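The values are calculated or read from the model by the stated rules, or taken from the named source; none is laboratory data. In this text the structure is predicted, and so the values were computed from the model without any measurement. Every residue, glycine among them, receives a Cβ derived from its backbone with ideal geometry; neighbour counts consider all protein chains shown.
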Amino acid sequence: MSVLQRLFGFHGGVKPDYHKDASTSLPIAVAPTPTFLVIPLHQSIGGPPRPLVKAGERVLKGQRIGGADGNASSAVHASASGTVVAVEMRLMPHTSGLSAMCVVIETDGRDEWVANQPFDYRSATPTQIRDYLRDAGVVGLGGAVFPTYLKLNAGKQGKLDTLVLNGAECEPFITCDDVLMRERAAAILKGAAIMREMLAAGKVLIGIEDNKPEAIAAMEAAARAANAAAADAAIEVVAVPTRYPAGGAKKLIRVLTGIEVPHGERSTDYGVQCFNVGTAYAIHEAIELGRPLISRIVTVAGNVKQARNYEVLFGTPMQDLIALCDKLPDSDRVIMGGPMMGLLMPGEDVPVVKATNCVLVGSKKLFPPPPPEMPCIRCGECAKACPADLQPFEMYWFSRAKIFGKAQEYNLFDCIECGCCAYVCPSRIPLVDYYRFAKSEIWAREVEKEAADVARERYEFRLLREEREKQEKAAKLAAKTAAGREKAAAAVAEAAKPAATPEEEAKKALIAAALERARAEKSLVHPENTADLTPEQQAEVSAIEARRAEIREMAKPQLRQDD
Ligand code: SF4
Ligand code: SF4
């Protein structure tokens, strides 16, 4: 039974047209494996995984191809068996049109799995379970793709009062959680049981918007069975009023428990943690079946003949899914996600990733171009609609004027980009575009500042190192000079010593006098320049030469001794 009396309201929100029926008339189908899978390595919040494969390598389905690298990183796996044909930059499913590193696999149609081993989480430590889920690539499938292992932490108290499962799925057109709950309710609750055990949570509340009666019925039946098996009544399914964005984690916590988690704080500090129902299913698959996250349910809807939900391997081109649903000729765009929070894709050939809950095909008829933007009239309608209690028009003014510091003062980063403000704005101002612009500018400046700080630190370190080397050189030179002086002083002292015998003393004096005479004579004339001399001068030079030879002869033993 749903428990309506427990519900609390939340500020703001809107009631757009939901367009959900078109994609729920058929059960989930499995999308065919494409010939080429383009699997981006970076598919979740946190650091990009490092590639573990090279071109030419054969890979099996479920084999890790990207290893978690750094604190908040999460692994990525081959979605099918085949051969890696490239590890290269490819276009990402993002409005920016930027590329990122991808592993391209040519599939072999054999669908060969790696050996799947269930994980015995009951005999593992919490750290081991978290490491296992990180390496299994399990991330939040509600759209935020936050690594699940980081959220499986009961906070300061080591236990929680409430584990919330989010099945609200409030965004128009998207029904992937709805059909998952209809068809795989028991498996979702098995995943929830694992999370409950890890978080020591007292109870489990499953919030589902009341426009999904089939999902509510299926989950209630599964909850009754699970409660009976556990002999308790810990799991409750709660139908919540349909109002966008009731599926925001903080909004759903507020509606189900009455707890208002303040800006910048964690819900675990208030005894609550919230996971998407798809994430609970992925945890069950990873732990009890040993299957890493390689696929998800994706709604294909919008301007197509037959909207439907498919189980899709990550890396499958969106155009393959759109072809399955037969897009209409006037289609002019593809959006990943819903019309309120979705991202316009740079093309149809971008791959399905973990964040892809919906591939929405658009046309001018389905999404008419908005009338021209008019000036803000300060009517305050945006503030009334904002579920995050912000002042959207103030953030708009400062974002537009590029006074980003003031925009931040108005809590720009608490904006969940739900689009309610733009939806109600009578001036048709695309407010969320301004907020996204301001956020990306602030992030870019932060990155630039960090890079400048690193460069400055490196420069200062280089200056320090050069100064140290200069000082070391000066010290070495001073030491060398001092050693030279000591040596010279020692030589003088040695020369001042008296000779051992009077004969040697006399001989030394004789040698010194002769050397002095020779130096004087050498300064007068050089034997090689005798050609121009008179015969008398030549005779004198010969005499000098003879005396030099005599002196050298006398000096020989003494010089050898000095050597
Ligand atoms: S709703 Fe639009 S016109 Fe009204 S205050 Fe907000 S931004 Fe301005
Ligand atoms: S987009 Fe941001 S500012 Fe606008 S209503 Fe949503 S949370 Fe508020």
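Filtering the stretch 518-545 to residues that are at pLDDT below 75 and surrounded by 13 or more Cβ atoms within 10 Å (Cβ to Cβ) leaves 518, 521, 525, 530, 533, 541, 544.
Checked against the criterion of being under 27 Å from the mean Cα position of the chain (by Cα), part of a helix (DSSP H, G or I) and either modelled with pLDDT of 95 or more or more than 9 Å from ligand 2 (Cβ to nearest atom) (or both), the stretch 374-390 contains not a single residue that satisfies it.
Screening residue 352 against (1) out of contact with any Pro (no Cβ under 6 Å at 6 or more places or on another chain); (2) over 30 Å from residue 60 (Cβ atoms) leaves a single unmet condition, (2).
Given the condition closer than 21 Å to residue 373 by Cα and within 9 Å of ligand 1 (Cβ to nearest atom), answer yes or no: does some residue in the stretch 414-421 qualify? Taking every residue of the stretch 414-421 in turn, at least one turns out to be closer than 21 Å to residue 373 by Cα and within 9 Å of ligand 1 (Cβ to nearest atom). If you go through the stretch 296-319 and keep only what is outside any loop (DSSP other than H, G, I, E, B) and hydrophobic (A, V, I, L, M, F, W, C), you end up with 297, 298, 300, 301, 304, 312, 313, 318. For residue 381, are the conditions met, namely being among the charged types (D, E, K, R) and in contact (Cβ under 8 Å) with a residue 12 or more places away in the chain? Yes; evaluated as a whole, the condition is true for this residue. Residues in the stretch 227-266 that are among the charged types (D, E, K, R) and touching a residue at least 12 places away in the same chain (Cβ under 8 Å): how many? The number of residues fulfilling the criteria is 6.
For residue 32, state whether it is closer than 22 Å to residue 141 by Cα and buried (at least 21 other Cβ atoms within 10 Å of the Cβ). Give the derivation first.
Details: closer than 22 Å to residue 141 by Cα: yes; buried (at least 21 other Cβ atoms within 10 Å of the Cβ): no.
So residue 32 does not fit the description; no.
Being closer than 21 Å to residue 29 by Cβ and under 34 Å from the mean Cα position of the chain (by Cα): is that true of residue 304 here? Show your work before the answer.
Numbers: closer than 21 Å to residue 29 by Cβ: yes; under 34 Å from the mean Cα position of the chain (by Cα): no.
No.
Scanning the stretch 314-337 for residues that are crowded, with 20+ Cβ neighbours inside 10 Å and more than 19 Å from residue 34 (Cα to Cα) yields 334, 335, 336, 337.
State all residues of the stretch 67-98 that are surrounded by fewer than 17 Cβ atoms within 10 Å (Cβ to Cβ), modelled with pLDDT of 95 or more and within 17 Å of the chain's Cα centre (by Cα); if no residue qualifies, say none. Result: 67, 89. Within the stretch 186-224, being of a type in the set (Gly, Ala, Ser) and in a helix (DSSP H, G or I) holds for 186, 187, 191, 192, 193, 215, 217, 218, 221, 222, 223.
Checked across the stretch 199-213, the condition of being touching a His at 6+ places or on another chain (Cβ under 8 Å), surrounded by 17 or more Cβ atoms within 10 Å (Cβ to Cβ) and closer than 27 Å to residue 352 by Cα holds for no residue. Annotation: residue 433 fulfils all but one of (1) within 13 Å of ligand 2 (Cβ to nearest atom); (2) surrounded by fewer than 16 Cβ atoms within 10 Å (Cβ to Cβ); (3) touching a residue at least 24 places away in the same chain (Cβ under 8 Å); the unmet one is (3).
The listed residues are 322, 429, and the only one of them that is aliphatic (A, V, I, L, M), over 29 Å from residue 265 (Cβ atoms), modelled with pLDDT of 95 or more and in a loop (DSSP other than H, G, I, E, B) turns out to be 429. Within the stretch 346-376, the set of residues being away from ligand 1 (no atom under 16 Å from the Cβ) and farther than 24 Å from residue 28 by Cα comprises 346, 347, 363, 364, 365, 366, 367, 368, 369.
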